[in-house]
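Heads up: the structure comes next, in structure tokens.
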Amino acid sequence: MNNEMGDGEMVGLEDRAVQEMSRVPYAEVVGGDGVEASSAGIYYMAFLFHKSTLGVCVLDHDRRALYLSTLAYYPGSGDGDILKQVVLEFPPAACVVSKRTDWTFLDELREALADGASEARLTLLPAQEFTLCNAERQVRALAMDDAEDTALVPLQADGATSQPEVVRAVGALVGYLHKQRVLNELEGDGQPITLGSVEYLNFARRVAIDAGSLDALQIFKKEAHPSATGIGVKKEGMSLFGLMDRTRTAAGRRRLRSWFLSATNDPGVLADRLEGVAFFHADSQQGILRDVTAYLKKVKDATLIVQKIRAVQSAYSDWVGLFNTITHALALADVLGPFREVTPFLGRLVGSAASPVLLALAKQLEVVVDFEESKAQRRLIPRSGTSPDLARLRTMYYSLEGFMCDLAKEEMDRLSAFPIPSVKVVYYPQLGFQIAIPT
């Protein structure tokens, strides 16, 4: 089966929400840079998202308990439910992340805080607060109530190599709380922070698998391929993931990888996925499968394209790729539409592919972008009449060459008393005109 799109289910969140409805707010946020702790239990949390790994650190102020977790996370693929689960379980008084955090992840974190009715202020810290150097220094300053407790040993000894995202999140959070004097009020300046316990978070209906187990079981196995310049790029080798990966899109590969890294033990979710596999594996559906595969080959990495557009770094090919991705997603919905009632998985797949937002965006792109002219000129060309201001600027741009020729002639006439063979006028965008006279 092609695991191109995930179902994005909220694992166990409904049960958590029922339990949390009777809770009262745990924190009171005051103005300025300070955080005022109330007498009730308070949680402080830090997230570090790096590539596809999310380090989570939560400090229970009253119990002096440190909760840690490392998760596979792919922004924009439905993994935001994990954030919502963390926020519901530990309503934070303060939440810190790096200023260099991926904007999609920040949007999903803000949404999780809003859905959890959290009063937490999301604080963006400088990236140096999340460095391993700072984190290791902060971790070394931690101590346990029981001097013989070895709970901190994994973080202090080999945490930098085995779980760096968690170590960096711990360091940033501890440093932030020191500066806000949330912990120093009890411990005093210069004193080590004493913890009651260090525990690893176990999310409801998710199987926690450490990096060592993933490697020992060969669930993932990276192998370096040789190249003319030496060791080439590492690719997936002989592993369980490599054997089962039949995806056709970047989003599908990320979703499948997240299923392996953060596996579920929910029987309902597993049965739902297997029903989807059974549908596409049936002999009677091989024609449908071929059509789906053909459409998915035209689907680009929409997350990466949107990031480029938002950063004003997109090219003509990115806009064409976005338009083709949307149109083929809509075509995919048409092919699978008659089967949307067969399984809940197909229903969600068709619903996401036939989104009214995608349809509206496809129509808007057709109205605004002249794809035929853009293809001919290899750059993005808006359609005429889209915007009066844009049309005026385009007319001015196209007449720029003639204007510069006229300007050069005027300069030649003005300087006719001097033996000048030629005048060259060059226009630099955002700088102005440069008049060059050969010596």
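The values are calculated or read from the model by the stated rules, or taken from the named source; none is laboratory data. Nothing here was measured: the structure is a model prediction, and the numbers come from that model. Ideal geometry is used to build each Cβ from the backbone, glycine not excepted, and the neighbour counts take in all protein chains shown. These accessible areas exclude ligands, DNA and RNA; they are computed on the full protein's heavy atoms, side chains included. Shrake-Rupley method; radii C 1.70, N 1.55, O 1.52, S 1.80 Å.
On the given criteria, is F418 farther than 30 Å from F371 by Cβ and of a type in the set (F, W, Y)? Answer is yes for this residue.
Listed conditions (1) touching a residue at least 60 places away in the same chain (Cβ under 8 Å); (2) under 30 Å from Q285 (Cα atoms); (3) not acidic (D, E) are all met by L380, apart from (2).
Evaluating V342 against the criteria (1) modelled with pLDDT of 90 or more; (2) of a type in the set (A, V, I, L, M, F, W, C); (3) open to solvent by 30 Å² or more (accessible area, probe 1.4 Å); (4) closer than 24 Å to R290 by Cα leaves one unmet condition, (1). Just the residues that are farther than 24 Å from Q313 by Cα and among the aromatic types (F, W, Y), please, taken from the range 376-427. Result: F403, F418. If you go through the range 310-324 and keep only what is hydrophobic (A, V, I, L, M, F, W, C) and open to solvent by less than 70 Å² (accessible area, probe 1.4 Å), you end up with A311, A315, W319, V320, L322, F323. I'd like the full set of residues that are among the hydroxyl-bearing types (S, T, Y) and in contact (Cβ under 8 Å) with a residue 40 or more places away in the chain, limited to the range 233-275. Within the range 233-275, T247, T249, S258, S262, T264 meet the criteria.
Looking at T303, T325, T293, can you tell me which residue is touching a Lys or Arg at 6+ places or on another chain (Cβ under 9 Å), closer than 29 Å to D102 by Cα, in contact (Cβ under 8 Å) with a residue 60 or more places away in the chain and of a type in the set (V, I, T)? Result of the check over T303, T325, T293: T303. Please find, within the range 165-202, the residue that is modelled with the lowest pLDDT out of those that are closer than 23 Å to T70 by Cα, surrounded by fewer than 18 Cβ atoms within 10 Å (Cβ to Cβ) and under 29 Å from the mean Cα position of the chain (by Cα). The selected residue is N202.
With respect to (1) in contact (Cβ under 8 Å) with a residue 12 or more places away in the chain; (2) over 22 Å from R254 (Cα atoms); (3) open to solvent by less than 60 Å² (accessible area, probe 1.4 Å), the lone exception for P421 is condition (3). Residue selection: M238 fails the criterion of being farther than 28 Å from T327 by Cβ, within 26 Å of the chain's Cα centre (by Cα) and open to solvent by 40 Å² or more (accessible area, probe 1.4 Å). The sole residue among R378, R394, R414 that is modelled with pLDDT of 75 or more, of a type outside the set (S, T, N, Q), within 44 Å of the chain's Cα centre (by Cα) and open to solvent by 90 Å² or more (accessible area, probe 1.4 Å) is R378. Where strands (runs of 3 or more DSSP E) fall wholly inside the range 55-145, the ranges with 3 or more residues that are within 30 Å of A302 (Cα to Cα) and either out of contact with any Lys or Arg (no Cβ under 8 Å at 6 or more places or on another chain) or at pLDDT 80 or above (or both) are 65-72, 92-98, 121-125.
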